[in-house]
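**Q** This is the structure I want to talk about, given as structure tokens.
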Amino acid sequence: MEPGRYLAEGLGHCSACHSPRNALGGEKGGRHYLTGGSAEGWEAPALTALSRAPVPWTEDALFTYLRGGYAVHHGAAAGPMAPVVEELALLPETDVRSIAHYVASFNAAPPAPAQITTEAAQYERRSAQAAGTLGGPAARLYQSACAVCHQSDQGMRQFGVKPSLALNTNLHGDRPDNVIQVLLQGMPAPPNSSLGAMPSYADSLDDQQIVALTQYLRARFAPDKPAWQDVQATVARLRAAPAH
């Protein structure tokens, strides 16, 4: 067995979260392996070609993300993935590279780096255009709660980098759960990164504000995707669930 597979299926046990489960709670294998699952109330995205990431993952991006908790074209580790990254930081670099190589093998060969840069810029432009059509209370919420850390033309570069929401996998996904979880629970500062922590808004924003902000983020940063349905019910369910 190749080292990456051994580490991913053994020590890392990626499939425990990133593969769906059957009615008895067992992991589905075969064509379902690493096609997406759930963990502690969070969606664990597909690690295969079914990924909703707007920009394709590369082996180098996977290594950077697993090693330090952040990849520039994808975002930062949150929820149950954050402690996983902390544990991976204790492994030798060669082991983490082996895991990245194995996971990358479930995707088609990525475009050339120049093409990825071009695609990322296109998503940024599309988001900027969408911003011009949106306004109201939700836009003001975004400006007060999010823009200083996520928008390059707002304020000082507090943490060295400003994670792009236009390239965030969660905002391009089929469900709003992870976006809502991040707003409610916040995010710890990833290890080995120049990013800071994101605060929780569970106590400062009520359900209607979380709903409005979630819908705004989707419309602004994934304007080519349909609006999420039942966001209010999802916010109520996730807020009522015990935090992990």
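Here's the yes/no breakdown for (1) outside the structural domain of Met198 (by TED's automatic domain parsing); (2) among the hydroxyl-bearing types (Ser, Thr, Tyr); (3) farther than 16 Å from His172 by Cα; (4) in contact with a strand residue (DSSP E or B) (Cβ under 7 Å, 6 or more places away or on another chain):
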residue: Ser38; (1), (2), (3), (4): yes, yes, yes, yes
residue: Gly41; (1), (2), (3), (4): yes, no, yes, no
residue: Pro54; (1), (2), (3), (4): yes, no, no, no
residue: Trp57; (1), (2), (3), (4): yes, no, no, no
residue: Asp60; (1), (2), (3), (4): yes, no, yes, no
residue: Phe63; (1), (2), (3), (4): yes, no, yes, no
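**Q** So for the stretch 19-35 (the condition being surrounded by 15 or more Cβ atoms within 10 Å (Cβ to Cβ) and among the aliphatic types (A, V, I, L, M)), does at least one residue qualify?
**A** Yes: one or more hits.
**Q** Checking Ile99 against (1) among the β-branched types (Val, Ile, Thr); (2) closer than 25 Å to Ala166 by Cβ; (3) surrounded by 20 or more Cβ atoms within 10 Å (Cβ to Cβ); (4) in contact with a Pro (Cβ under 9 Å, 6 or more places away or on another chain): exactly one of these is not met. Which one?
**A** Going through the list (1) among the β-branched types (Val, Ile, Thr); (2) closer than 25 Å to Ala166 by Cβ; (3) surrounded by 20 or more Cβ atoms within 10 Å (Cβ to Cβ); (4) in contact with a Pro (Cβ under 9 Å, 6 or more places away or on another chain), Ile99 breaks only (2).
**Q** Output the number of the condition that Val84 fails; it satisfies all remaining conditions of (1) touching a residue at least 24 places away in the same chain (Cβ under 8 Å); (2) β-branched (Val, Ile, Thr); (3) assigned to a loop (DSSP other than H, G, I, E, B).
**A** Result: Val84 fails condition (3) only.
**Q** Here is a list of conditions, (1) on the phi > 0 side of the Ramachandran plot; (2) surrounded by fewer than 17 Cβ atoms within 10 Å (Cβ to Cβ), and Gly75 meets all of them except one; can you say which number that is?
**A** Only one criterion is unmet by Gly75, namely (2).
**Q** Among the residues of the stretch 50-65, which ones are more than 22 Å from Ala189 (Cα to Cα) and of a type in the set (A, V, I, L, M)?
**A** Within the stretch 50-65, Leu50, Val55 qualify.
**Q** Name the single residue, out of those in the stretch 173-188 being part of a loop (DSSP other than H, G, I, E, B) and buried (at least 22 other Cβ atoms within 10 Å of the Cβ), that is modelled with the lowest pLDDT.
**A** Gly173
Yes/no per residue for (1) outside the structural domain of Cys14 (by TED's automatic domain parsing); (2) buried (at least 19 other Cβ atoms within 10 Å of the Cβ); (3) at pLDDT below 95; (4) not in a helix (DSSP H, G or I):
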{"site": "Thr118", "(1), (2), (3), (4)": "yes, no, no, no"}
{"site": "Gln122", "(1), (2), (3), (4)": "yes, no, no, no"}
{"site": "Arg126", "(1), (2), (3), (4)": "yes, no, no, no"}
{"site": "Thr133", "(1), (2), (3), (4)": "yes, no, yes, yes"}
{"site": "Gln143", "(1), (2), (3), (4)": "yes, no, yes, no"}
{"site": "Gln154", "(1), (2), (3), (4)": "yes, no, yes, yes"}
{"site": "Phe159", "(1), (2), (3), (4)": "yes, no, yes, yes"}
{"site": "Ala166", "(1), (2), (3), (4)": "yes, yes, no, no"}
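Quick grid of which residues meet (1) touching a residue at least 24 places away in the same chain (Cβ under 8 Å); (2) under 18 Å from the mean Cα position of the chain (by Cα); (3) outside any helix (DSSP H, G or I):
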{"position": "Pro191", "(1), (2), (3)": "yes, yes, yes"}
{"position": "Ser200", "(1), (2), (3)": "no, yes, yes"}
{"position": "Val211", "(1), (2), (3)": "yes, no, no"}
{"position": "Ala219", "(1), (2), (3)": "yes, yes, no"}
{"position": "Arg237", "(1), (2), (3)": "no, no, no"}
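**Q** Here's another thing I want to ask about it. Which of the following residues is of a type in the set (Asp, Glu), in contact (Cβ under 8 Å) with a residue 12 or more places away in the chain and within 22 Å of Leu165 (Cβ to Cβ): Glu27, Glu59, Glu43?
**A** Sole residue among the options that is of a type in the set (Asp, Glu), in contact (Cβ under 8 Å) with a residue 12 or more places away in the chain and within 22 Å of Leu165 (Cβ to Cβ): Glu43.
**Q** Suppose the filter is β-branched (Val, Ile, Thr) and at pLDDT below 90; does Val85 pass it?
**A** Here the answer is no, as Val85 does not meet what is asked.
The values are calculated or read from the model by the stated rules, or taken from the named source; none is laboratory data. Being a predicted model, the structure only gives us computed values, none of them experimental. Glycine gets a Cβ as well: all are built from the backbone with ideal geometry, and neighbour counts include every protein chain shown.
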